[in-house]
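Working notes, structure below.
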Amino acid sequence: MGAARQGLRARRGPGTVGCLRGLHGCGRYGDELSSRSIYTFAALVNIAEILSGSEEITSATVTDTFKGLKDFSTFAGPTVTCDGQQWPGVATTCNAQAIFFEVQEDGTLRSVEEAGYIDLDPSLMPTS
């Protein structure tokens with residue numbers, strides 16, 4: 001576990017832990033439960049951890065660091081490699097997986113796939 005993730009675990013409060021474990025009370029807008037808040041939070045944790053070893057943050061070091069990312073275990077997500085090979089024609093994509101949610105009667109979200117993330121088939125996308 002990276003230093004950024006360990007530091008985050010040490011600093012976050014009990015509300016965040018409950019939010020991350022079950023999405024209850026996290027990302028709610030009135031009666032709407034949104035997974036966008038989890039994705040945004042996870043992205044920030046991932047970026048902090050990925051760049052935690054960089055001595056200088058510039059566009060070049062960020063680009064090089066991400067391009068060199070291999071088998072990175074993301075926060076609340078799949079393992080990714082960012083070598084530009086996961087989605088042909090889209091060099092900035094680090095994986096070809098997705099998760100789809102279904103809203104339950106009680107307002108919680110549940111993955112439509114029991115295993116969680118599913119592999120997408122990039123060959124089904126139209127080419128321009």
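The values are calculated or read from the model by the stated rules, or taken from the named source; none is laboratory data. Quick caveat: nothing in here was measured; it's all calculated off a predicted structure. Cβ atoms come from the backbone with ideal geometry, glycine included; neighbour counts cover every protein chain shown.
Sort through 102, 113 and tell me the only one that's acidic (Asp, Glu) and part of a strand (DSSP E or B).
Working: 113 fails: part of a strand (DSSP E or B).
Checking each option against the conditions leaves just 102.
One line per residue, one yes/no per condition, for (1) over 21 Å from residue 119 (Cα atoms); (2) within 12 Å of the chain's Cα centre (by Cα); (3) exposed (fewer than 13 other Cβ atoms within 10 Å of the Cβ); (4) at pLDDT 85 or above:
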residue: 36; (1), (2), (3), (4): no, yes, yes, no
residue: 53; (1), (2), (3), (4): yes, no, yes, yes
residue: 63; (1), (2), (3), (4): yes, no, yes, yes
residue: 71; (1), (2), (3), (4): no, no, yes, yes
residue: 89; (1), (2), (3), (4): no, no, yes, no
residue: 92; (1), (2), (3), (4): no, no, yes, no
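Could you look through region 38-51, keep only residues that are closer than 24 Å to residue 107 by Cβ and β-branched (Val, Ile, Thr), and pick out the one that is modelled with the highest pLDDT?
Filtering region 38-51 for residues that are closer than 24 Å to residue 107 by Cβ and β-branched (Val, Ile, Thr), the one modelled with the highest pLDDT comes out as 40.
Could you identify the single residue in 120, 124, 109 that is aliphatic (A, V, I, L, M) and under 15 Å from residue 42 (Cβ atoms)?
109
Checking residue 107 against (1) exposed (fewer than 13 other Cβ atoms within 10 Å of the Cβ); (2) without any contact (Cβ under 8 Å) to a residue 60 or more places away in the chain; (3) not polar (S, T, N, Q): exactly one of these is not met. Which one?
That leaves (2) as the condition not met.
Taking region 87-128, which residues are charged (D, E, K, R) and touching an Asp or Glu at 6+ places or on another chain (Cβ under 6 Å)?
Passing the criteria: only 110.
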